[in-house]
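One structure is given below, encoded as structure tokens.
Derivation of every value follows stated rules applied to the coordinates shown; laboratory data play no part. Fair warning: this is a prediction, and the values are worked out from it, not measured in the lab. Neighbour counts run over all protein chains shown; Cβ positions are idealised from the backbone, glycine included.
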């Protein structure tokens, strides 16, 4: 499998990918990702070079966003003074579930962050998705705290404020990483 940077023409594919994941989460009883993700925000992330796709031949098997930018209001000034990378929107296609693809993507993200000098790989997870939180703990992340206030709309409740981190490190993730080249092959 190859990991590459998403391109602007991948927006529709990635939005559909997220809708598939939201439907699966609903079947599990989770309220995570029930609002459609704004296409313009996704496009901005892609254009910044922060959105990545795992391709299994011509099939999108997974996606993740890896950015140097923290979501406002989650991390303290002291934490933000430490070199970090932040993962969001980690999603694995149901066709590729059960193959540790998510774990390998986390290892890839930690490896890539390490190569840029980041000390921490950090994330915020859905505050009510305890299964997801257990998953990240099982992947070596340590829970930092849960932020419940200061959501995007009028400072209301935050839905994705369960914060976790793990040290970055070189990793044998098994992907052919073509993300540093300009084209996906």
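Here are the numbers for the structure shown:
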item: Gain on full stretching of the segment that runs from residue 70 to residue 15 - 0.36 nm per residue minus C-alpha separation; result: 17.6 nm
item: Difference of contour (0.36 nm per residue) and Cα-Cα distance, residue 99 to residue 82; result: 2.9 nm
item: Calculated FRET value between residue 176 and residue 40, using beta carbons and R₀ = 30 Å, to 0.05; result: 0.45
